[in-house]
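Just below is one structure, and these are the notes that go with it.
The values are calculated or read from the model by the stated rules, or taken from the named source; none is laboratory data. Note that the coordinates shown come from a computational prediction; the quantities given were computed from them, not determined experimentally. All Cβ positions, glycine included, derive from the backbone under ideal geometry; neighbour counts span all protein chains shown.
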Amino acid sequence: MKNVRGFSLIELIVVIALIAIFSSISYPTFTRWHDRDAFSKETNLFSDLFDDVRTNTLSEKLCPSGNPSTAWKFELTDNNFSMNCLYFGGTDVVETVSLEQSENSFYNFENSDWRDLPPLSDTKKLEISFFTDEKKLPKILFNGAEYSQIKIQFSSTKQSTLPTKHFYFNRVAGYFFWDDDGTRTF
């Protein structure tokens with residue numbers, strides 16, 4: 001008679017139960033890690049594109065159409081942010097990044113100059129323009145009104161446990177920085 005080797009039904013059920021237990025324990029950790037990574041990726045994209053706008057202005061880079069640039073503009077709306085090159089007679093849209101706002105992050109505009117902030121449900125548009133003319137300071141426009149400095153708070157709509165990041169920009173100084181706890185001032 002042959003000796004048949006294999007798994008018994010009880011051994012198989014125990015292994016399946018252990019896999020289910022370990023999966024249920026690790027799933028929340030994995031989703032938290034995934035959400036934190038997506039949030040970090042989005043804020044890094046924002047920062048990189050903003051820095052590209054400043055760099056292109058300082059290096060007097062030509063627009064993609066081959067025209068000399070007069071300004072580079074960073075735009076942030078409810079669902080995307082973009083980099084545009086302005087020249088006499090037109091604008092080239094260089095890059096647009098769509099936000100995964102409904103799933104991962106949410107941003108709120110704050111400014112020490114602003115007195116009456118619109119409700120968060122209103123459409124918002126932020127434009128920051130850097131001019132190739134060295135005599136002109138960068139220009140910050142929020143819904144058409146001009147400001148000297150801006151603070152944008154990024155936080156997750158999915159999880160309150162994710163960190164909040166604050167982006168600061170002062171048009172006179174011409175530089176930006178990030179702060180995790182929001183306690184820094186201009």
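State all residues of segment 47-96 that are charged (D, E, K, R) and touching a Leu at 6+ places or on another chain (Cβ under 9 Å); if no residue qualifies, say none.
Correct list: Lys73, Glu75, Asp78, Asp92, Glu95.
Looking at this structure, is Tyr147 surrounded by 14 or more Cβ atoms within 10 Å (Cβ to Cβ), more than 18 Å from Asp48 (Cα to Cα) and either among the β-branched types (Val, Ile, Thr) or modelled with pLDDT of 80 or more (or both)?
no
Looking at segment 14-100, what strands (runs of 3 or more DSSP E) fall wholly within it and have at least 1 residues that are over 20 Å from Ile140 (Cβ atoms) and among the aromatic types (Phe, Trp, Tyr)?
Qualifying strands (runs of 3 or more DSSP E): 80-87.
What residue, among those in segment 65-116 that are among the hydrophobic types (A, V, I, L, M, F, W, C) and modelled with pLDDT under 70, is farthest from Thr55 (Cα to Cα)?
Trp114
So, in segment 48-84, how many residues would count as being within 16 Å of Thr96 (Cβ to Cβ) and touching a strand residue (DSSP E or B) at 6+ places or on another chain (Cβ under 7 Å)?
Count: 19.
Cβ-Cβ below 6 Å, separation at least six or inter-chain, first residue in segment 83-108 and among the aromatic types (Phe, Trp, Tyr), second modelled with pLDDT of 60 or more and in a strand (DSSP E or B): which pairs?
Phe106/Ser155; Tyr107/Ile152; Tyr107/Phe154
Table: residues versus (1) buried (at least 17 other Cβ atoms within 10 Å of the Cβ); (2) within 13 Å of the chain's Cα centre (by Cα).
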{"residue": "Phe7", "(1), (2)": "no, no"}
{"residue": "Val14", "(1), (2)": "no, no"}
{"residue": "Phe46", "(1), (2)": "yes, yes"}
{"residue": "Lys61", "(1), (2)": "no, no"}
{"residue": "Pro64", "(1), (2)": "no, no"}
{"residue": "Asn67", "(1), (2)": "no, no"}
{"residue": "Gly90", "(1), (2)": "no, no"}
{"residue": "Val94", "(1), (2)": "yes, no"}
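Of the numbered conditions (1) part of a helix (DSSP H, G or I); (2) at pLDDT below 85, Met1 satisfies every one except a single condition; which is it?
(1)
Filter segment 16-43 down to the residues that are among the polar types (S, T, N, Q) and exposed (fewer than 12 other Cβ atoms within 10 Å of the Cβ), then identify the one that is nearest to Ser82 (Cα to Cα).
Across segment 16-43, the extreme among qualifying residues is Thr29.
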